[in-house]
1. If I model a spin label as a point 7 Å beyond the Cα along the Cα-Cβ vector, how far apart are those points for Val262 and Leu133 in nm?
2. Subtracting the Cα-Cα distance from 0.36 nm times the residue separation, let me have the gained length for Tyr270 to Leu16 in nm, one decimal.
3. Thr252 to Leu217: FRET efficiency via 1/(1 + (r/R0)^6), r the Cβ-Cβ distance, R0 51 Å, to the nearest 0.05?
4. Starting from the Cα of Thr145, step 7 Å along the direction of its Cβ; do the same at Val98; then give the gap between the two resulting points in nm.
5. Cut-off is 10 Å between beta-carbons; in what order do Tyr66, Tyr116, Tyr221, Tyr216 appear when sorted fewest neighbours first?
6. Within the P(r) computed for region 3-274, what percentage of the Cα pairs occupies the region above 25 Å?
7. Treating only the Cβ of Lys, Arg, Asp and Glu as charged (+1, +1, -1, -1), what charge dipole size does region 3-274 show about its Cα centre? Round to the nearest 20 debye.
8. What is the spread of the Cα atoms of region 137-275 along each of their three principal axes, largest first, in whole Å?
Amino acid sequence: MHTLEFSGWIFLSSILAGLLGALTGLGGGVVIVPVLTLLFHIDIRYAIGASLVSVIATSSGAAAAYVREGFSNVRIGMFLEIATTFGALLGAYLTMIVSTHAIGFIFGAVLLYSAYASLRKHPDETHKEPNQLALKLRLHGSYPTRNGPESYVAQNVPAGFSLMFVAGALSGLLGIGSGAVKVLAMDQAMRLPFKVSTTTSNFMIGVTAAASAGIYLSRGYISPALAMPVILGVLLGSLTGSRMLVKVNVKTLRMIFAVVIVLLGIEMIYNSFTGRL
């Protein structure tokens, strides 16, 4: 396969990864790593390096549109980013002492659980008292719906903050944005609306990935020749996905989210057992 043809296929694959990443809040990186390693037989360390750069591109491309349209909650995102950044630094440190096979298996299990949790019905919380900690931190807002703006207040702030630390650690350890764990933390633990969770996740993953990308760059695992088509493809896909999200039904979005992360979870576990991760 010629270099131009090879780059073209990577570019097309990256568009699909960016589209799924923007729609589900996972970030294109978590899709592109198994694609690069299994389909294109690229060393996983360089795939992770390109993944981290593409995660930043996804966040930059989709987040701007989501913030402008009123879906992302910047204040909640920046508050939770404190936990993910510290977690990412810890994860990058742990790459030297912890087996990625074990962590990959655990992460795959987390992905499978988050698929189940995203489809599970929430208990009725319409009469629940407002969360006092969230109100003090002003972790509330509204987002546009067909019936006008709908208000919400975050719940279970300590649980969500703790899960964000775990998401950051996994990001630093495996070189992904850990969007699935972020969405799980906001959607299930903090009871934020699903579209707010996915869009705020897209806003956050770039900062988390940037905290880890410096480590991979210093080790020489970010190849410009590989990263360029990945960045362009993921950015194009994420911009397309951000426009589609506004019109997509929430139930459909949850189903897409569940299917994608089930496949990725199985892939993670398989790679861990076969020693490819």
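1. Each label point lies 7 Å from its Cα, and together they span 3.3 nm.
2. Details: separation 254, 0.36 × 254 = 91.44 nm, distance 2.21 nm.
Once the chain is fully extended between Tyr270 and Leu16, it gains 89.2 nm.
3. Values: r = 38 Å, r/R0 = 0.74.
Calculated transfer efficiency: 0.85.
4. 3.8 nm
5. Values: Tyr66 27, Tyr116 11, Tyr221 19, Tyr216 23.
Lowest to highest Cβ neighbour count: Tyr116, Tyr221, Tyr216, Tyr66.
6. Values: 14265 of 36856 pairs.
Tail fraction, whole percent: 39.
7. Numbers: 17 positive and 10 negative charges, 107 e Å.
For region 3-274, the charge dipole is close to 520 debye.
8. 49, 33, 29
Only the coordinates and a few stated rules stand behind these numbers; no lab work does. What you are looking at is a predicted structure, and each value in this text was computed from that prediction instead of being measured. Using ideal geometry, Cβ is built from the backbone for each residue, glycine included, and neighbour counts are taken over all protein chains shown.
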